[in-house]
Amino acid sequence: MIPYGFVLPLLAIAVLCLFLIPLDKLLFYIWIGIFISAFFGAYLGIPGSENIFLFRILLLVHFCLFLFLPNKNIKQMKPTRWLFLLLSVWLIGFTVTLFWAGSVSAGLRYIYYIFELSYLIFLSVYYLNTKQKFFTFARIITVIYVLQLVIGMIEVFVGWHLPQSGAFIYDTTTSAFQPTGFLFNTNDYAFFLTIFLPIVFWRLTKLPQPYRVLSLIAISLLPLYLVITTYSRLGLIAFVFVLLLLFIPYAKKLSILIGAWVTLLLTSVLLFVPTAFAKMGAIIDSSFTEKGASTSDRMERYNMLWQIVKNSKLKGVGAGNAPITLEQYRMGHAQVQELILAPHNFWLELIADGGVFSIFPMLFFLLLFGMSVYYWWVMRKSSDALFMVLPILIVIVFVIAAVALSTVIDKRYLWIAIGMAVAAVNIAVNQWKERIKT
């Protein structure tokens with residue numbers, strides 16, 4: 001957390017930089033701060049004010065200053081302009097729903113999150129406009145990813161957690177040794193490791209031998225173990241799916257070497273830690289067989305959400321109001337206080353919130369996925385075909401996370417990943433157009 005004594009000096013430095021550094025460079029430095037601080041949330045916040053942290057301050061400062069930037073280099077973003085049009089209509093459409101929303105405050109909060117995620121995606125594409133710049137930020141992601149792995153391993157083996165961890169709130173027989181990293185709950189942690197795996201994997205393929213093979217094996221097995229310990233069913237399925245799709249094309253070149261290392265590792269584990277596999281097997285079995293109550297509860301919420309959709313006649317109950325209405329449906333009456341029941345399904349939540357306006361964010365993901373697949377097919381024989389696999393895998397993981405997590409609208413790490421997926425598509429399209437010209 002940022003102590004109060006540092007606030008004024010930071011503001012003074014910011015004002016000084018505004019006059020000494022060219023605006024375009026200053027904005028780029030602020031973007032780096034936005035990118036990094038987004039992963040640490042309240043850990044870089046003002047004590048006692050959990051909603052005021054460095055990421056949000058920098059994002060709003062950047063937005064205000066960017067309006068005054070005279071020469072905005074947005075021409076290179078032309079290939080993905082339709083995606084940003086859909087995001088803009090999503091923001092406008094959900095703002096319109098405030099006219100009939102039961103809770104305007106919840107609606108304004110939701111609309112702010114739409115602005116936040118849209119601007120994050122915009123900045124990702126704006127600044128990650130070449131493969132070299134994309135690689136630089138992939139290196140930052142890799143460092144944060146490794147740091148998350150280190151914290152996760154400490155949590156699993158020692159039971160120590162960071163102050164914002166949900167382990168201090170969830171009182172279960174396994175929560176003390178389930179990893180959460182810099183995030184709040186185990187599901188978030190599992191999907192953080194999964195959605196950024198393709199980017200980290202791609203970055204590590206650029207390492208020289210033998211570090212490349214060693215790092216790829218480590219970055220595959222360690223996160224797999226940690227995802228298993230989160231007891232996240234969909235997180236485990238998504239991780240294994242992504243890992244297989246990453247290794248199948250890449251393993252052709254190094255199949256013998258990778259096979260040898262994996263065999264050596266598995267043999268060592270079986271000889272020296274014979275209970276490890278039994279423990280992981282028990283966790284996996286528990287994850288899929290002992291959550292019947294959780295599954296039934298989610299299905300009940302889905303049915304209620306669909307009932308809300310039908311009762312609103314595709315008009316929606318207003319941005320951000322679906323969780324409140326869901327709680328009212330469960331209780332059978334309206335509450336004095338705005339109690340929220342997590343929908344656990346982003347897609348149904350969108351329809352319940354915005355009705356017909358929910359088509360725009362859904363079209364955004366359909367178009368992004370379609371462009372990713374199309375340009376992967378076009379460029380699959382290029383020297384770096386793995387680069388175009390990144391957006392495909394990121395979108396697939398996001399779609400799964402949208403029904404696995406309680407909500408995704410405020411999960412910044414997911415939207416940064418989507419921003420990097422859009423940036424990868426934008427880079428690929430521009431490269432393809434340049435290749436056609438020559």
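Rule-based calculations on the coordinates, nothing more; no lab input. On a predicted model such as this, the values are computed, not experimentally measured, just so you know. Glycine also receives a Cβ, built like all others from the backbone with ideal geometry; neighbour counts cover every protein chain displayed.
Quick look at the values:
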quantity	calculated
Peptides 354-366, 55-67 ordered by average Cβ neighbours within 10 Å, highest first	354-366, 55-67
Which listed pairs, of K131/K411; K78/K433; K310/K411, have C-alpha distances above 23 Å, in listed order	K131/K411; K310/K411
Extended-chain gain in nm, criterion 0.36 nm per residue less alpha-carbon gap, I32 and L65	10.4 nm
Inter-part distance where the stretch 98-116 and the stretch 122-141 are each reduced to a Cα centre, Å	31
Extension gain from W306 to Y170, taking 0.36 nm per residue of separation minus the Cα-Cα distance	46.1 nm
Net charge of neighbours whose Cβ lies under 15 Å from the Cβ of M371, counting Lys and Arg as +1 and Asp and Glu as -1	+4
Under Karplus coefficients 6.51, -1.76 and 1.60, residue-wise ³J(HN,Hα) of the stretch 116-127 in Hz, glycine/proline x	4, 5, 5, 6, 4, 5, 4, 5, 4, 6, 5, 8
Per-peptide average of other Cβ atoms within 10 Å, ordering 390-400, 90-100 highest first	390-400, 90-100
Stretch gain in nm, segment V373-K25, where the contour uses 0.36 nm per residue and the Cα spacing is subtracted	121.8 nm
Under 13 Å, Cβ to Cβ, from M362 - net charge with Lys/Arg +1 and Asp/Glu -1	-2
I52 long-range amide H proximity, modeled H, under 5 Å	I46
